[in-house]
Structures are given as C-alpha cells and as structure tokens.
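To start, the structure itself, in structure tokens.
The values are calculated or read from the model by the stated rules, or taken from the named source; none is laboratory data. The shown structure was predicted, so the numbers you read here are calculated from the model rather than taken from an experiment. Cβ sites come from the backbone with ideal geometry, for glycine too, and all protein chains shown count toward neighbours. Areas reflect the complete protein model, heavy atoms only, side chains present, ligands, DNA and RNA absent. Shrake-Rupley method; radii C 1.70, N 1.55, O 1.52, S 1.80 Å.
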Amino acid sequence: MTVLVTGGAGYIGGHMVLALLDAGEKAVVLDDLSTGFRSAVRPPAKLIVGDFGDMALVETILREHEIDAIAHFAAKIVVPESVADPLRYYLNNTAKSRNLLECAVRHKIKHFIFSSTAAVYGEPEVNPVSETAALAPINPYGRSKLMTEWMLQDASHAHGLDYVILRYFNVAGADPKGRLGQSTPQATHLIKIAVQAALGFRPGLDVFGADYPTRDGTCIRDYIQVTDLVAAHLMALDYLRKGGESLICNCGYGTGFSVFEVIDVVKQVSGVDFNVRISGRRAGDPASLVAGAERIKSVLGWAPKYDDLPAIAGQALDWERHLHNKSKAESVLVRNSAAR
Ligand code: UFG
C-alpha cells in the first residue's frame, strides 16, 4: 500500500517521506511547492505538484495509486502571520482540509494521520499539558488546526475513517544523516534564526518579550527533534493498520526551554556570541507550552532518540552551513555560465 503525504516537500513532511522510504513504504507526495522544495522528495517517492484542496486532483491521485493512508502535513504554520492574515489560514488549514477529508471519505481511505499543534491549547493552565486539557487556542493558527481536528473526528464518527491526530510542540533539528533540514528562506522559528545569527547570516536575534511570567521572563517551549517526530507518525500508522482506535497524542519531550536558554545553547554549540536584543512581545505567543508525553509513549510505544537540545542545535547548524555552501556553489555556477 502507498501513503499519500500532503506537504511532503516541506520540512516535516520531507522527513516523513525519508522515514517512509527508509521503512520500505511507498509514498506519493502532493505539494504546491509554496514553501517546499522539489529536491526534498527523493525517488522512489513520487512528487505531484498541486493543491491538496483541489478535489479533482486529489481524487485522481487516490484513484491511480493504491493509497491506504493519508498523512496530512500541508499547512501554513507561522503564528504571527496567522494573526495578520487569518482568512488565509482558515482557507489553507481548514477549508482545504475539509476538501481533502471529503475525498478521503469518498474513496474509503482507511487511515488519516493529521499534523496538529500544541497551539490548540492556547495558554494552558498547567504545564506539561495533557491531551485532555481545555482546548482554547489564542491565535488563528491554533483555531484553524483545531477546526480540522473536529472535522476529522466528525468524519471518523460518521464514515469510519480512522485517525491519529498528532499535536506537535516546537519542531527543530535536521535529519541525523544530513539528508534534509529546515530550508525555508524566510525563517521565523527560534532555533533556525539563532543558528543563522551564529553563522553571521543575520545581524543578530530579537527576543520577543522578556516580561512573561516564566523563570527568566522569556517564553518556554518544548523542542522536539524532527526525526523523533516523524518516527511517531510511522508508529501511528502501524497502530492504525493493526486495528488501533482513533487517537490524539501530544508530540514533545516534556521538557521546556526558555528563549534565553535556547540562545545560550546555540551560542555554546556554535562557539559564537552573536547579538541579542530584547524587543516587544510578538502577537499570539503563549508564555509556556510543554508537552505531557505519557500517552504517546504508553499507547504508541514511542521512545525518542534525540532528546538533547545541544545535539538538535548542532544539527540545525550543520544544515544551515550546508544550505549556505550549496547556494554559494550555485551562484558560482550561474556566474561561470553567464561569463561563457
Ligand atoms: N522567538 C524570538 N525571536 C525570534 C523567533 C522566535 O524571541 O526571532 C520566540 C517566540 O516569540 C516564541 C519562541 O521563540 O516565544 C518560539 O517561537 P517559534 O516561532 O520558534 O515557534 P512558536 O512557538 O511560535 O510556534 C511553533 C510552531 C507552531 C506550533 C508551536 C507550538 O510554529 O506550529 O510551535 O508550540 F504550534
């Protein structure tokens, strides 16, 4: 059987495709390449460039390939952007997901793995936050994903589509074999920004708020390594294929790091004391978000391998250097061919 991976040319989806291929699975990727890269999808995975909300296209893919499961990664994921442009998030993350679900139901797809987010909890009363905590997102990104969780649960109830909803905390790092990493040019995520500052690709880093009610005044997050995260998806797939009941799991390590702590780790690992400036709070940021990770361990048997922030920062640094060297080599090629 084949897995349809929406957003499989992106950062997390791309790692999922690598993991599927490593496990001997077949994968078809549907990605519009708005933030993904053709090069992230390696053969024998097949890339179809298009919109996952395009029902005619999705139906053709489901007809032409023996797909038993959909892993739905494609989404807009930047919290402050969702505050500035909410309707774009409700179109991309909610309305288009509805179309995808309708196609899945029509074609009697058995299993659906959905990339949800810790942002569905909003500002939790207790950290680590468990899956049963109140759902009260504080930004359109979190609401756009929560609505899709609800649609999926309703569709499952009515039509028997099994699901695992995975609520990601802060995903970071890169493939330990160096095949893939976070390549998005307009990075907004903390670890990526910090390694870019350490490598001198940006003048420094702004800390968005040092007046939060946390141990050092900066926001606390749970940073999960991307290979560990995609391993959870494979386990979820296996669980559903063996007849497991639909499930919602947090994906995080259960340990929180503040923005200052992350910066210190990146400074130590890189050996560079880059510039850091305290600026105002960013819209939509909760003070603390740390995963309660018991369920994913007990039900799926997930056992993380890369729960080590310095190692995650090291992977991110290596990948950023690789991207830089690649773009330098490409610009030399362009100059040489222009000179000929
Ligand atoms: N931050 C800075 N400076 C920067 C970038 C980030 O201070 O240059 C701070 C943010 O304000 C926040 C923390 O670092 O306090 C983490 O910010 P990220 O942008 O790295 O990540 P978010 O926590 O905003 O969001 C991420 C994902 C979401 C997911 C969420 C769950 O993008 O998809 O984690 O915790 F929902």
query: Say we join alpha carbon atoms closer than 10 Å with springs in a Gaussian network model of the chain; which of Gly122, Gly280, Gly314 then has the biggest fluctuation?
result: Gly280
message: Can you give me the solvent accessible area of His322 with a 1.4 Å probe, rounded to the nearest 10 Å²?
response: 80
query: Under the Kirkwood approximation applied to all pairs of distinct alpha-carbon atoms, what is the hydrodynamic radius of the range 282-327 in Å?
result: 14.0
query: How much accessible area does Leu135 have with a 1.4 Å probe, in Å² rounded to the nearest 10?
result: 70
message: In 5 Å bins starting at zero, report the fraction of Cα pairs in the range 260-310 per bin as a rounded %.
response: 4, 13, 14, 16, 16, 16, 11, 6, 3
field: Ala56-Leu199 FRET efficiency (beta carbon distance; Förster radius 41 Å; 0.05 resolution)
entry: 0.40
message: What does the charge count around Gly10 come to, taking other residues whose C-beta lies under 13 Å from its C-beta (Lys +1, Arg +1, Asp -1, Glu -1)?
response: 0
- prompt: How large is the accessible surface per residue of the range 188-298, computed with a 1.4 Å probe and reported in Å² as a whole number?
  reply: 41
- request: For the range 277-292, just list the computed ³J(HN,Hα) in residue order, Karplus coefficients 6.51, -1.76 and 1.60, θ = phi - 60°, integers in Hz, with x standing in for Gly and Pro.
  value: 10, 7, 10, x, 4, 9, 4, x, 8, x, 5, 9, 9, 10, 7, x
Carbon + sulfur, % of accessible area of the chain - ligands and nucleic acids excluded, 1.4 Å: 54
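Over the range 21-105, average the accessible area per residue using a 1.4 Å probe and give it in Å², no decimals.
Spelled out: the 1.4 Å probe surface of the range 21-105, per residue, equals 46 Å².
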- line: Averaging 1/r across every pair of distinct alpha carbons in the range 1-151 and inverting yields a Kirkwood hydrodynamic radius, in angstrom, of 15.9
task: Could you give me the percent of Cα pairs per 10 Å distance bin for the chain, shortest bin first, beginning at zero and ending with the bin that holds the maximum distance?
output: 6, 25, 35, 24, 9, 1, 0
Cα pair distances in the range 222-340, grouped into 5 Å bins until the bin that holds the longest one, percent each: 2, 9, 13, 14, 14, 13, 11, 9, 7, 4, 2, 1, 0
- line: Rounded to the nearest 0.05, FRET efficiency between Arg277 and Asp68 (Cβ-Cβ, R0 30 Å) equals 0.05
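Would you work out the charge dipole size for the chain about its Cα centre, treating the Cβ of every Lys and Arg as +1 and the Cβ of every Asp and Glu as -1, and quote it to the nearest 20 debye?
Dipole about the Cα centre, nearest 20: 880 debye.
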message: If you take every residue apart from Ala56 with its C-beta less than 14 Å away from the C-beta of Ala56, what net charge results, scoring Lys and Arg +1 and Asp and Glu -1?
response: -2
statement: Applied in sequence order to the range 30-38, the curve 6.51 cos²θ - 1.76 cosθ + 1.60 (Karplus, θ = phi - 60°) yields integer Hz couplings, x standing for Gly and Pro, of 10, 8, 8, 6, 5, 10, x, 10, 3
